[in-house]
Amino acid sequence: MPDLPFRPTLRRSWRLFRAFGVEQTDPDHFYGTLAQDSVDQIGTYAPLSGQWVLDVGGGPGYFADAFRAAGATYTPLDADLGELSGLGEPMAGTVLGSGMQLPFADNSFGVTYSSNVLEHVSEPWTMADEMVRVTQSGGLVFLSYTLWWGPWGGHETAPWHFLGGHRAARRYEKKHGHPPKNVFGTSLYAVTARGGLWWSKEQTAAEVVAVIPRYLPRWAWWVLRVPVLREVVTWNLAIVLRKR
C-alpha cells in the first residue's frame, strides 16, 4: 500500500482541535486545515485524481483548492447564498440548492462529500439518501457531522446546549444581543451517533466501508462501540460508503 499522508494519530487530532479554536477568528486557517485533512482522509479510501467531487454544503469554497490540488473536479453546493458569498462572489460552477433534494441526476459523481452539514438540515437522512443517489456505482460517499451530545453539539451556544437547544439559544441572544447563527430547531438539529449507525445499516444502496469518530486518533475509535459514551466522546461521526 502506498505511503499515504493521512494518519489518525494523536498529533493529528491535536492539530485539528487547535484549528477549531480559531474557527471564528481565523477561518482561513481553520477551513484550510480541515480541507487538507479531508482530502488526505478520503484518499485512503479512493483516489481523487480524475474524480468529479460534489461537496454538499461546500459554503464559500474553502475546500476547492485542496480537492483540485488532488486532481479532482470540484462542485460545491449550498442552500445559503450568504454562505456561498463568504469569500466574495461564488466561484464558477457553484450550485445553489438543497441537500435534501439534490439538483443532479442519479449516478453523477465519483465522490460525494459533506462535512458538518447534516446537523443543519431538518431531514438529515433524506440528505444522506440523496448523496448516495447521485453517486456513481463504485463511487465513494463521505458524510460526516457534529454530534448533538458532543462538546461542540450546540456550536456557538455550547456547552449550554446540554441544558436544551432552545434554552441555549435564548441565553446566547441575551448575552450577545443577537440570535446565534445556528438556531436550534431552525438551522441546527439534534443528530446523534445512534441515528447515523441506524441509517448506515438500514440503507441498501451502498456498502458500508467505515463508520468512525472522524477527529479522534485510531486508538480511541473503540468509543463508538459504547452506547451513551459514543454520543459524548465521538464529537464527529464519519460514515464512508461505496455505492453498489
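All of the numbers you see were taken from the coordinates with simple rules; none came from a lab. Not measured: the values here are computed from a predicted model. Quick reminder, even Gly has a Cβ in these numbers, built from the backbone with ideal geometry, and neighbours come from all protein chains shown.
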Review point. Roughly what would the spin-label model give for Asp106 and Phe6, points 7 Å off Cα along C-beta, in nm?
Key: 2.8 nm
Check your understanding: Per the Kirkwood treatment, what hydrodynamic radius in Å, one decimal, follows for the range 156-215 from the mean inverse distance over all distinct Cα pairs?
Key -> 13.7 Å
Revision key, fill the gap. Listed residues Phe30, Phe109, Phe67; largest mean-square fluctuation, Gaussian network over the chain with Cα springs below 10 Å, found at Phe30
Study note, to complete from the structure: Given the candidates Ala46, Gly58, Phe6, the one whose Cα lies deepest towards the positive end of the charge dipole of the chain, counting +1 at each Lys or Arg C-beta and -1 at each Asp or Glu C-beta, is Phe6
Check your understanding: Separation between the Leu229 and Val209 pseudo-spin-labels, each 7 Å from Cα along Cα→Cβ, expressed in nm?
Key -> 2.8 nm
Point to revise | Label-point gap, in nm, between His178 and Phe162 - each point 7 angstrom along Cα→Cβ | key: 2.9 nm
Practice item. Between beta-carbons, use under 15 Å as the cut-off and find the net charge around Arg12, counting Lys and Arg +1, Asp and Glu -1. Key: +4
**Study point:** Residues whose placed amide H lies under 5 Å from that of Leu237, excluding near-sequence neighbours
**Key:** Tyr145, Leu147, Arg214
Point to revise | Extension reserve of the Ala220-Thr73 stretch, reckoned as 0.36 nm per residue once the Cα distance is removed | key: 49.6 nm
Study note, to complete from the structure: Residue by residue through the range 161-177, the couplings from Karplus 6.51 cos²θ - 1.76 cosθ + 1.60 with θ = phi - 60°, in Hz, x for Gly and Pro, are 5, 5, 9, x, x, 5, 5, 5, 5, 5, 5, 4, 5, 5, 6, 9, x
